[in-house]
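Here is the structure we will look at, set down as structure tokens.
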Amino acid sequence: MDSDTVTTTPRLALRLHRSSDLERLVAIHSRPDVARYLLQEPWTLEDGKAQLERRLLRTDLAEPVGALALVIEREGLLIGTVSLWRTEQERRTVELGWTLDPEHGGAGYASEAVAAGLRLAFGQPDVHRVTAQLDARNTASERLAARVGLRREAHHRQDFWSKGEWTDTLVFALLADEYRAQSGSGQAGFEQPGSGQSASTDRTAS
């Protein structure tokens, strides 16, 4: 296992970002079908350089302002990202975000990676709650959130101005005791193939 690998699953490795990831990150985030539900417009090369510079610094989820930016690797190929960060609004809360290359959708990789992200978050001894916020039109990510055990808490109507229009936001969350109960029953983060659509969530800056 590489020294920058943070965790693994049966099919994937989640590791820290590297400078050499730029080309693959831009290839994924420059796609209109990926960027549609994200904060940013499709990335240019310059956008990718700026984003990667920030992500290279996000290597530790520990308090007080921890953030962990990981890439998802499948047999050495970068196929997506998972990000975790401490929120400023709610102490002991971690927000979770993800993006998957649509070319690798439909095989359960996103569910596997996000479940691993949940394990990392709740592996922090002080974390009480994990949240995810996503564009309500993003049905692939909505289904993914439910598959890994996140509970839908809210549907905010037209609360977010995105790329020239008002959009709805879905809020998902999971408490530490709920996660432990799911893990004990074998239901947490079970793998199930998705729809093949782009799975992404990035409603708040991370």
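The values are calculated or read from the model by the stated rules, or taken from the named source; none is laboratory data. If you're wondering where the values come from, they're calculated on a predicted model, not measured in any experiment. Cβ: placed from backbone, ideal geometry, glycine included. Neighbour counts: every protein chain shown. Side chains are part of the model used for accessible areas, which takes the heavy atoms of the whole protein and leaves out ligands, DNA and RNA. Shrake-Rupley method; radii C 1.70, N 1.55, O 1.52, S 1.80 Å.
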Checking G184 against (1) at pLDDT below 95; (2) under 28 Å from E103 (Cα atoms); (3) open to solvent by 30 Å² or more (accessible area, probe 1.4 Å), the condition it does not meet: (2)
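Here is a yes/no grid of residues against (1) without any contact (Cβ under 8 Å) to a residue 60 or more places away in the chain; (2) within 26 Å of V65 (Cβ to Cβ):
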| position | (1), (2) |
| --- | --- |
| W85 | no, yes |
| W98 | no, yes |
| A110 | no, no |
| A113 | no, yes |
| R119 | no, yes |
| A136 | yes, no |
| A154 | yes, yes |
| F172 | yes, yes |
Filtered residues of region 121-132 (kept if buried (at least 20 other Cβ atoms within 10 Å of the Cβ) and in contact (Cβ under 8 Å) with a residue 60 or more places away in the chain): A121, A132
Condition met for E103 (out of contact with any Ser or Thr (no Cβ under 7 Å at 6 or more places or on another chain), outside any helix (DSSP H, G or I) and open to solvent by 30 Å² or more (accessible area, probe 1.4 Å)): no
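Wholly within region 1-97, which helices (runs of 4 or more DSSP H) include no fewer than the required count, namely at least 3 residues that are among the basic types (K, R) and either at pLDDT 95 or above or open to solvent by 80 Å² or more (accessible area, probe 1.4 Å) (or both)?
On the way: elements: 22-29, 32-35, 45-55.
Passing ranges, in order: 45-55.
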